[in-house]
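The structure appears below as structure tokens.
The values are calculated or read from the model by the stated rules, or taken from the named source; none is laboratory data. Please read all numbers here as calculations on a predicted model, not as lab measurements. Ideal geometry is used to build each Cβ from the backbone, glycine not excepted, and the neighbour counts take in all protein chains shown.
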Amino acid sequence: MQSLIITGGRVIDPANDLDIKTDVVLDGSKVRHVGKTTAAQRDSAYLYDASGHIVCPGLIDPHVHFREPGQEEKETIATGSAAAVAGGFTSVCCMPNTEPALDDDGRIEFIYTQAQRVDLANVFPVGAITKQRAGEELAEIGLMAAAGAVAFSDDGQAVASAGVCVKALAYIAMTGKVLMQHCEDPELGGGVMNAGAIATRLGLSGWPRVAEEIIIQRDILLNLRQNIGARYHVQHVSSGGSVELLRRARFDLFGQAHITAEASPHHLLLTEKSCIDYDTNFKMNPPLRTKRDIEDLRTGIQDGTITVLATDHAPHTQEEKELEFAAAPYGIIGLETALPLYVQALIETDTVDWPSMLAMMTMNPAKLCGLENKGNLTTKSDADVTIIDPQQEWVIDTNAFASKSRNCPFHNRKVIGQVIATIVGGKVKFNRDPERLSQTDTPIPPQTAAQLTPTIS
Amino acid sequence: MSKTPEPYCWPHKHLLGLQDLSAEDIRFVLQTAVGFLEVSTRSVKKVPALRGKVVANLFMEDSTRTRSSFTLAASRLSADVIDLSGKGSSISKGETLRDTGRNIEAMGIDAIVCRHPLSGAAVQLSRAVNCSVVNAGDGQHEHPTQGLLDIFTIARQLGRTDFDLTDITVAIVGDITHSRVARSNLYGLLKLGATVVLVGPPTLLPRAFADLGCELSYSLDDVLDRVDVLNMLRIQFERLTSQAFPSVREYATSFGLTTKRLARAKPDVVVMHPGPINRGIELDSQVADGPNSVILSQVSHGLAVRMAVLYLVSGAKHQADLL
């Protein structure tokens, strides 16, 4: 088997505290070594010229919706995986709010089977906490964990009952997996945009911050006071108040990181003001908030309260997003824009540097989901690598997306930083710049949904 | 008809809300309506202003008076009117609002008058079509022609022929949070210089309204003696999804305009209601039918205001084009 050497890039591997210009050698599906290579080594290998680019462990998104089974008109595991690799993501965790919900081991296995057929990105299923995500009875958590569910969530809604949630925390703790909570009190939340003066003016129902905060605080108390000690993760934090609650809880735990939280790009770049034209591409759950919340979220990312950067990639069809604001579904897609948007939100604002940002997109989500051989470039880890041009300026064009959907509020936005190539299990699954890959004796196949995917084996 | 050096030009293709209009725009529509008021007193109640034009009424929510008022307004301007009524949002029909709008427009329509149960529907419709859109009430967002006719009535009743409402205090009482009428009134009144006090229980009067530039009060009795206008909103039982007050009896006792309360208000206070009235809840019958009530004038003014609106959005630029 010939190896693939990625030469001359700025290798950032946060798990190994590495930020250095060097080569990365991939042997088959594993990382062989990071460091200088000899001419002899290079002569017998495929080469990817990464000069001027950042080379990092493959990006990992712990929060996507691939809509399969049941809502294939929005996205499939095939198109979602194509969008993932086009956005630099080598691994994604897909949420269980499908039809039917991923609430038993058979459906968990189905996700793996479909992902293997597609063979683009690693797709890890997240199992439902409760049967049919109804919030009443626990789903078969143990069987799903055995079948490969990497986490548990009823995403789309919270486990509303405190009694059910305390059971779920305890039971999931037994499996060692993490409970990911969509924090929204169903009676206080449920509105279509942030509660406040703008919602009042627009006559739209409000979804106030407190609906998020009250669930976070409740779960923290359940977990601590009942001495459960489950791993608990807050999905898509939107409120500055939530950041403060999480900061205190993490402090109380003396830095034991079993309470974690994730951000999403739109909550760091857009505010509720975007809703004034009733454009449904700005309707999300949790909703866009205010400038103040954005500042608090950035502070939370800077001081280590929020340690994971996700996308909440949520595809919907055009006809659904053409409905009235109150009737249209929540959510936007994010896989193909996340990297440059995080650059804009975090690096261009001097919130964090590249190594810190990439840690939150590689090593931290890998830990969160228990992906042992991922999120780092340690020898013998999986050969998942993303190559990024940090200087490339470009304009987001939703028409060029590999995703099946187009519901993205960032169309025509100017951004900096672009994913150039995505390598999954040692194979180049996405390559924007074919000339940088040498010795390809296999012909490049016709353009598919995942553009340009030469196979190296 | 006054001649000014630079004649004012009506700049709007649509009427989606009073939030979008300037004070000058509002005064101009109302002045135009004054002219149309006279048409209703003629023996032949018709002018040829919109002859050959077609107005479509797209009412996706129950309405009797607003729809008949728009229909009559369009007929008096000699427009052809078609009526497209359905119920519920487009989602229940399995068709998007955009498709509905474009299909109507394809019949050669000049203006769509849209009533819809969801906020923002008229705004979204206006983006999908090339013809004019007049918002006849969208969810809890705006009901601009109701706002205009209320302001028209207040100004005429208080002798403000220039439509300047400086030093006038208007109380809007009742279910503010669900009311598009309250919002349109609020924006229009503030732009014309009035002071607005919103009155209701906290469950129907969120504090966020204070950010829109008005006063809030939870006591009708506290504001009674200092207001010039009492606009009593209808309790919209159909919009109350959760309990908003302990009982109808308690609401009526706290916020109903009784003869006893009216006696403590200014003697010439103007009593208004957008209709239909829940008699005995918002208004006692004696008050509704008494000398302070202008409820029926509101209805006849509505016709003139809607004629003015249809006339202006259909492309008339100047008041001088009229009649």
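Below, the figures for the structure above:
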item: Matching residues, the stretch B:121-137, being crowded, with 24+ Cβ neighbours inside 10 Å and over 16 Å from the mean Cα position of the chain (by Cα); result: B:121, B:123, B:124, B:125
item: Which numbered condition residue A:372 misses (of (1) modelled with pLDDT of 95 or more; (2) among the charged types (D, E, K, R); (3) surrounded by fewer than 22 Cβ atoms within 10 Å (Cβ to Cβ)); result: (1)
item: Qualifying residue in the stretch B:231-247 (condition: out of contact with any Cys (no Cβ under 9 Å at 6 or more places or on another chain), farther than 18 Å from residue B:178 by Cβ, among the hydrophobic types (A, V, I, L, M, F, W, C) and in contact (Cβ under 8 Å) with a residue 24 or more places away in the chain); result: no
item: Residue check, residue A:377 farther than 13 Å from residue A:13 by Cα, outside any helix (DSSP H, G or I) and of a type in the set (A, V, I, L, M, F, W, C); result: no
item: Helices (runs of 4 or more DSSP H) (entirely within the stretch B:54-172) containing at least 3 residues that are small (Gly, Ala, Ser) and within 14 Å of chain A (Cβ to nearest Cβ); result: B:121-128
item: Odd one out for residue B:262, checked against (1) under 23 Å from the mean Cα position of the chain (by Cα); (2) among the aliphatic types (A, V, I, L, M); (3) not in a loop (DSSP other than H, G, I, E, B); result: (1)
item: Among residues of the stretch A:194-229, those that are in a loop (DSSP other than H, G, I, E, B) and either within 14 Å of another protein chain (Cβ to nearest Cβ) or touching a strand residue (DSSP E or B) at 6+ places or on another chain (Cβ under 6 Å) (or both), counted; result: 6
item: Qualifying position, being outside the structural domain of residue A:427 (by TED's automatic domain parsing), at pLDDT 95 or above and within 29 Å of residue A:359 (Cβ to Cβ), among A:68, A:99, A:109, A:75; result: A:75
item: When residues of the stretch A:265-305 are limited to those that are of a type in the set (Gly, Ala, Ser) and in a helix (DSSP H, G or I), the one farthest from residue A:329 (Cα to Cα); result: A:300
item: Matching residues in the stretch B:283-298 - criterion: being surrounded by fewer than 16 Cβ atoms within 10 Å (Cβ to Cβ) and assigned to a helix (DSSP H, G or I); result: B:285, B:286, B:296
item: Subset of the stretch A:373-401 (residues that are among the aliphatic types (A, V, I, L, M), touching a strand residue (DSSP E or B) at 6+ places or on another chain (Cβ under 9 Å) and over 11 Å from residue A:337 (Cα atoms)); result: A:377, A:383, A:385, A:387, A:388
item: Complete set of residues in the stretch B:193-228 that are surrounded by 22 or more Cβ atoms within 10 Å (Cβ to Cβ), more than 14 Å from chain A (Cβ to nearest Cβ) and either over 20 Å from the mean Cα position of the chain (by Cα) or not in a strand (DSSP E or B) (or both); result: B:194, B:220, B:227
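Rundown of residues vs (1) under 20 Å from the mean Cα position of the chain (by Cα); (2) modelled with pLDDT under 95, yes/no style:
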{"position": "A:347", "(1), (2)": "yes, no"}
{"position": "A:379", "(1), (2)": "no, no"}
{"position": "A:421", "(1), (2)": "yes, no"}
{"position": "A:434", "(1), (2)": "no, yes"}
